[in-house]
């Protein structure tokens, strides 16, 4: 399978995010990226949306429920949420939405910081294979891939997509 060009996906993500936010009357969401590719995308979205504020960064390693399958990450970074979450509209950003487990872990961690007014999920790619009932409100593309394939976003500069075959 040939992956779409990264520029095409980034443009589509920005358009989709703007449309969702406008449709829900959200003018200035606070951006939170999931380490590490989600942070890169949150930075891109912040520039494209004219959001000059700080970007939150989540490392959800300790909130995962699938350690036996994906293993512990060798580098665990502290999460950094440099703003008040309580009652605010958040834009949660990640690169690929697959099973939904990463997003579930991110939501668990976010709620440790307070109760946001809303959380909008924006992803570069939403792919088949969901294990939990989680869907993105904004995405660059929806792809159907065989279970043995993974899409990885590499970066931060330049951002590029890679299709990886799992053993």
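Counting only DSSP beta bridges with both residues in the stretch 1-147, what percent are antiparallel, rounded to the nearest 5?
Counting DSSP beta bridges with both partners in the stretch 1-147, the antiparallel share is about 5 percent.
With a ≥ b ≥ c the root eigenvalues of the C-alpha gyration tensor of the stretch 1-66, is it rounded (a/c under 1.5), prolate (a/b larger than b/c) or oblate? Oblate, because a/c is 1.5 or more while a/b does not exceed b/c. Rounded to the nearest whole angstrom, the semi-axes of the ellipsoid equivalent to the chain, taken from the Cα gyration tensor as √(5λ), stand at 23, 20, 15, largest first. Where both bridge residues fall in the stretch 100-167, DSSP classifies roughly 55% of the beta bridges as antiparallel. Taken over the Cα atoms of the stretch 80-167, the convex hull encloses 118 Å³ per residue.
How high is the relative contact order of the chain, given as a whole-number percent (alpha carbon pairs under 8 Å, six or more residues apart)?
The normalised contact order for the chain reaches 25 percent.
Throughout, read-outs are computed from the coordinates displayed, never taken from laboratory work. What you see is a predicted model, and the numbers here were worked out from it, not measured in a lab.
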